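Encoded as structure tokens, the structure appears first; notes follow it.
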Amino acid sequence: MIVYRGKSVFGGIAIGAIQIFEKNRQKIIGYKVTDLEAEVKRFDRARKKAKEQVWELYEKALREVGEESAAIFEVHHMLMDDTDYIQSVLTIIIEQEVNAEYGVALTGERYAQMFEDIDDAYLRERAADIRDVSERIIDILLEYERPKIDNSEPVILMANDFAPSETVMLDKEKVLSFVTVEGSANSHTAILARTMNIPALVQTEIELDDALNGRMAIVDGFEGVLYIDPTPELLAKKQEEAERERRKQALLKQLRGKENITLDGRKINVYANIGNLKDLALVRENDAQGIGLFRSEFLYLESEDFPTEEEQFQAYRAVAEAMEGKKVIIRTMDLGADKQTDYFRLEKEDNPALGFRAIRICLTRQELFRTQIRAILRASACGNVSMMYPMIVSLKEIRMILQIVEEVKAELRRENIPFQQDIEQGIMIETPAAAMISDLLAKEVDFFSIGTNDLSQYTMAIDRQNAQLDEFFDPHHPAILRMIQLVAEKAHQNGIWVGICGELGADLELTPAFLAMGIDELSVSPGRVLPLRKRIREIRADQGREDLERLKEGAFGR
């Protein structure tokens, strides 16, 4: 038996034969061409065909893994329309008088290298996207068909790395797991793997060899371990673990229709986070009680121009009607930082996470904000809709927002357009500034929703997407938990409810502490709703008091 360690990007146990997926990279040679106009047209045709292929991948990913995971192919689609990228290829073709595939290869590598040299871990991941796009255009130029993952029996697929477009083409019925030598836990490939529920390891210290094909292996996604030629004893043990996991998932399905009530009778609202109408199927499948976070910015990211009031209204109305009276909390656009779209023409910033984003864009470009507010208010007549505002840091911002909302309400009244007059309005608590003045903010709004993803990174000054900082990042840091407790206390003292919509909401280890703090609502990804319901139903609401005492003593973190 041989044992290798990797970095797990999704838990679970996979047992089966290995299949090596080898990419036959095309060797690109530059050569002189005489008809430059024909070569430019050849590149343009290949680029347009590549865009069509990528859009097909987007629609496939949308059906199988949801809006957020499919978004990478929208990025690929936009990259192929990037004027700088196109101009670079054309300049190489014309000035060097060379073939189109050479121009694409050279441009792709230059751009990829630029991203790899950036300090920001998230942006470094984009190098793989640039290479994937460039290779697709080159394949079309050379009339080369990419190797397909074609196997009759389910296998553990191994490769040096997978491009997102290759990952989405995996047949989930034929792939038990995948293992890569490279990659990272924050790559789009890893995100797709988690969404597809395929146990997967990246950064696995193994040399790929054809001799591995067909050998029996076990991927333990819980421990981050790959076993090749396991002993009979280990094989039997892991088969038992895999069966327990299967039974566990089946039992969770039995919780559909049950209430989220603790052993001592306290009811907790468990909602789902979504990015698009297409996520509603997962919400219904997992029996969420409502939508705790509708990320409206995806309407903007999906569009080639500013979505109109009518387009937004139709989307919000569809969600409100589909939820049939259950709460739908629509967050106003949280654009900026890593969520960019060309038509907003946002200036490049040295530190975009601390820059012009979210509510700062809305209050600076009020015509866009007013359009969105009108659309949400109109949709509120069609269901149980609430509004929520991101990245708040001051009372001044809240008062400006509320004034704008009142002005828009007055417009709708004059136009005899129906809307929910007393629509619930809340804010995201995702900055230390908002947490520290939560007693003041609570007097202005109807609810708080704590965004623990941003709150964590701003509190610890750690970029959560930077793999170099993994050892320093502690989601259970006492400072974060104390802030959550403070916000909950100030909310209740001022008569408003408080929820959590960040990743910590799905952390089952913290559920007792959150209930002891008095958190009223937890909003998680649809797939985490039933495990969270199970956890709530097997504990008492005051069970986390001991955790809170440890928290006060600073002994709850790592």
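For segment 359-425, what is the accessible area per residue in Å² when the probe is 1.4 Å? Kindly include the intermediate steps, with their values, before the conclusion.
Numbers: 2690 Å² over 67 residues.
Per residue, segment 359-425 has 40 Å² of solvent-accessible surface.
Tell me, what % of the accessible area of segment 400-446 is carbon and sulfur with a 1.4 angstrom probe? Don't skip to the answer; put the middle values down first.
Working: 1120 of 2130 Å².
C and S fraction of accessible area: 53 percent.
Can you run phi through the Karplus equation (6.51, -1.76, 1.60; θ = phi - 60°) for segment 509-521 and list ³J(HN,Hα) in whole Hz, with x for Gly and Pro?
Result, rounded to whole Hz: 5, 8, 3, x, 5, 5, 5, 5, 6, x, 4, 8, 8.
Order these peptides, 92-100, 312-320, 415-423, by their mean beta-carbon neighbour count within 10 angstrom, highest first. Please list the in-between numbers first.
Working: 92-100: 18.2, 312-320: 20.9, 415-423: 12.4.
So the order, starting with the most tightly packed, is 312-320, 92-100, 415-423.
If the cut-off is 19 Å between C-alpha atoms, which aspartates and glutamates fall inside it for LYS326, apart from same-chain ones fewer than 8 positions away?
Answer for LYS326, where 19 Å is the Cα cut-off: GLU259, ASP279, GLU285, ASP287, ASP422, GLU424, ASP446, ASP520, GLU521, listed by chain and number.
For MET400, project a label point 7 Å along Cα to C-beta. Then give me every residue of segment 355-386 with its amide nitrogen under 17 Å of that point.
Backbone N within reach: 355-373.
Using 0.36 nm times the number of residues separating GLU153 and GLU285, minus their current alpha carbon distance, what extension gain do you get? Don't jump to the answer; show the numbers that get you there.
Working: separation 132, 0.36 × 132 = 47.52 nm, distance 2.83 nm.
Between GLU153 and GLU285, full extension yields an extra 44.7 nm.
Sorted by packing (mean other beta-carbon atoms within 10 Å per residue), highest first, where do 510-518, 238-246, 291-299 land? Before the final figure, lay out each step's value.
Numbers: 510-518: 22.3, 238-246: 13.8, 291-299: 24.2.
The packing order, highest mean first, is 291-299, 510-518, 238-246.
Work out, step by step, the length gained on full extension between GLU240 and LEU263: first 0.36 nm times the residue separation, then minus their alpha carbon distance; give nm to one decimal.
Working: separation 23, 0.36 × 23 = 8.28 nm, distance 3.03 nm.
Value of the extension gain: 5.2 nm.
Provide the per-residue ³J(HN,Hα) series for segment 96-105, in order, calculated from phi with Karplus coefficients 6.51, -1.76, 1.60 and θ = phi - 60°, each as a whole number of Hz, with x at glycine and proline positions.
Once θ is set to phi - 60°, the couplings for segment 96-105 become 9, 6, 10, 6, 4, 5, 5, x, 5, 4 Hz.
Whole number in Å², please: accessible area per residue of segment 244-334, 1.4 Å probe, ligands, DNA and RNA not counted. Walk me through the numbers before you get to the answer.
Working: 4190 Å² over 91 residues.
Value for segment 244-334: 46 Å² per residue.
I'd like the FRET efficiency for GLN249 and GLU509, computed as 1/(1 + (r/R0)^6) with the beta carbon distance as r and R0 of 25 Å, rounded to 0.05. Each step should come with its number before you reach the end.
Working: r = 20 Å, r/R0 = 0.78.
Efficiency, rounded to the nearest 0.05: 0.80.
Evaluate the distance, in nm, between pseudo-label points positioned 7 Å from the Cα of THR34 and of GLU173 along their respective Cα→Cβ axes.
Roughly 5.4 nm, to one decimal.
Can you pull the one-decimal nm distance between simple spin-label points at ASP305 and ASP439, each 7 Å off the Cα toward Cβ?
5.1
Taking amide H positions as placed in the peptide plane 1.01 Å from N, state which residues far from LEU176 in sequence (5 or more) or on other chains have amide H under 5 Å from it.
Hits under the 5 Å cutoff: VAL155, ILE156, LEU157.
From the backbone phi of segment 247-252, what are the Karplus-calculated ³J(HN,Hα) couplings (6.51 cos²θ - 1.76 cosθ + 1.60, θ = phi - 60°) in whole Hz, Gly and Pro given as x?
5, 4, 5, 5, 5, 4
What is the distance, in nm, between label points placed 7 Å from the Cα along the Cα-to-Cβ direction at ASP81 and at LEU142?
Result for the modelled spin labels: 2.9 nm.
Give the relative contact order (percent, whole number) for segment 401-537; include only Cα pairs under 8 Å separated by 6+ residues. Numbers along the way, then the final one.
Values: 157 pairs, mean separation 29.8, N = 137.
Averaging sequence separation for qualifying contacts and normalising by length gives 22 percent for segment 401-537.
Check PHE10: other-chain or 5+ apart residues with amide H under 5 Å from its amide H, H built from backbone geometry?
ALA200
The values are calculated or read from the model by the stated rules, or taken from the named source; none is laboratory data. Quantities reported herein were computed from a predicted structural model and do not represent experimental measurements. Ideal geometry is used to build each Cβ from the backbone, glycine not excepted, and the neighbour counts take in all protein chains shown. Only protein heavy atoms, including side chains, enter the accessible area calculation; ligands, DNA and RNA are left aside. Shrake-Rupley method; radii C 1.70, N 1.55, O 1.52, S 1.80 Å.
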